[in-house]
1. Report the residue count in the stretch 273-297 for those that are of a type in the set (S, T, N, Q), modelled with pLDDT of 95 or more and open to solvent by 40 Å² or more (accessible area, probe 1.4 Å).
2. Kindly indicate the residue of the stretch 163-184 that is of a type in the set (Val, Ile, Thr) and in contact with an Asp or Glu (Cβ under 9 Å, 6 or more places away or on another chain) and also nearest to residue 363 (Cα to Cα) among those meeting that condition.
3. If I filter the stretch 98-110 for residues that are in contact with an Asp or Glu (Cβ under 8 Å, 6 or more places away or on another chain), farther than 22 Å from residue 357 by Cα and not in a loop (DSSP other than H, G, I, E, B), do I get at least one hit?
4. In the stretch 188-229, what residues are closer than 19 Å to residue 242 by Cα, of a type outside the set (S, T, N, Q) and part of a helix (DSSP H, G or I)?
5. Quick check on my filter: what residues within the stretch 77-123 are among the aliphatic types (A, V, I, L, M), surrounded by fewer than 21 Cβ atoms within 10 Å (Cβ to Cβ) and under 20 Å from residue 185 (Cα atoms)?
Amino acid sequence: MTLSRRQSIALIGGGIIFAAGSGAGYTVTRQPNKAFAPWAQAGRYEDPRMRALSYAILAPNPHNRQPWIVDLSTKDQVALYVDTTRLLPHTDPFSRQITIGLGCFLEVMRLAALEDGLEVRFDLFPEGSDASAMDARPVAICTFSPTTKAPDPLFAHVPDRRTLKEPYDTSRPVPQSAMDRIAGAAIHGSRIGFSGEKEDVAAMRALSAEAFLIEFRTHRTYKESVDLFRIGHEEIEANPDGIDFSGPMFETLRLTGLFSRENAMDRDSMSYKSGEEMVVANVMTAMAHLWQVTADNSRETQIRAGQDWVRVNLAATAEGVGVQPLSQGLQEFPEMADIYQTLHETLAPEGGTVQMWCRLGFGPEVPVSPRWPIDAKVMNA
């Protein structure tokens, strides 16, 4: 199983948030505990801003790049910046996905602050932004102040949220009532659509498989992912970002030389062929699909899309439903243009931008029964 990991937040002026554990010694069966440490460390700070940030680093973000830098030099404020060395120029040429990830970060920070009786106001892109590229200007100035608002029950699921990349159980449909509740978690302006109808699922499976193959077979986009492979315990501990391959099987493949970045790029190798087969096989087990549409595609809207996306992801966690984003079909590089257009015509026929698209289902690592109720509020795209 591929688990998510987070490392730390770099502070402007020096320092980090989260003290990592020891990474000394390992066996081929050992999990990279140092890389998973943020889940155990989250919340252990006196400064409520730091407590909130220690949870924010658990937010989903593209290729687990963790592209955030923060400044705590002003009292009761957090200034968020993007680390421009962690962008994805080939698969995310306009940094739309990175910006969505920053929105996820801000929403988890907001949810964590509410637990301490604090609300967070966001001044987004106070010095402006560039639609074609992210730059060194601040993404958000976040001001903390006391509030009597109740905590959000979604926060309880922050430590449990995962991207489930496993095959899903094709004997278990996703209940309509669960999809209603998951969609109802979006409160920041997104339109959420979904379908578990057999014909829709079949069409979406085929589109997602085709999109994966386009990214795989386009050298520069595939290499961007391969360069971020973290293969085995040592690499994950050294760089707890990127795309991890952990556990006994991958440790053995690494030690025997059967799996490396070099042979992953060789289209005649077992690594390449099995990787291509695996991702296609996984997406063909989708039992439903969910998508998110926004009225426009401004930087501010992308942030709000991220806020809603992580809420939807947390709501799915609460329902015991596995989620995997199908980001490939929405990537803006030329070879993906036909899939991108088809998805927009299909999922947003009334206009707008499809920001996220994912598969839903039940997998071996997901609880069977819901753990909390959400009031249904559905805005079908």
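The values are calculated or read from the model by the stated rules, or taken from the named source; none is laboratory data. Treat the numbers as computed from the prediction; the structure is a model and nothing was measured. So basically every Cβ, Gly included, is an ideal-geometry build from the backbone, and we count neighbours across all protein chains shown. Accessible surface areas use protein heavy atoms only, side chains included; no ligands, DNA or RNA. Shrake-Rupley method; radii C 1.70, N 1.55, O 1.52, S 1.80 Å.
1. 1
2. So, considering only residues that are of a type in the set (Val, Ile, Thr) and in contact with an Asp or Glu (Cβ under 9 Å, 6 or more places away or on another chain), the one nearest to residue 363 (Cα to Cα) is 174.
3. yes
4. 212, 215, 216, 219, 220, 222, 223, 224, 226, listed by residue number.
5. Of everything in the stretch 77-123, just one residue is among the aliphatic types (A, V, I, L, M), surrounded by fewer than 21 Cβ atoms within 10 Å (Cβ to Cβ) and under 20 Å from residue 185 (Cα atoms), namely 114.
Table: residues versus (1) at pLDDT 95 or above; (2) among the β-branched types (Val, Ile, Thr); (3) buried (at least 20 other Cβ atoms within 10 Å of the Cβ).
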| residue | (1), (2), (3) |
| --- | --- |
| 192 | yes, yes, yes |
| 196 | yes, no, no |
| 199 | yes, no, no |
| 204 | yes, no, yes |
| 208 | yes, no, yes |
| 232 | no, no, yes |
| 246 | no, no, yes |
| 251 | no, no, yes |
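Residue by residue, here is whether (1) touching a Ser or Thr at 6+ places or on another chain (Cβ under 6 Å); (2) of a type in the set (A, V, I, L, M, F, W, C); (3) farther than 19 Å from residue 86 by Cα holds:
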residue	(1), (2), (3)
117	no, no, yes
135	no, no, no
139	no, yes, no
146	no, no, yes
157	yes, no, yes
173	no, no, yes
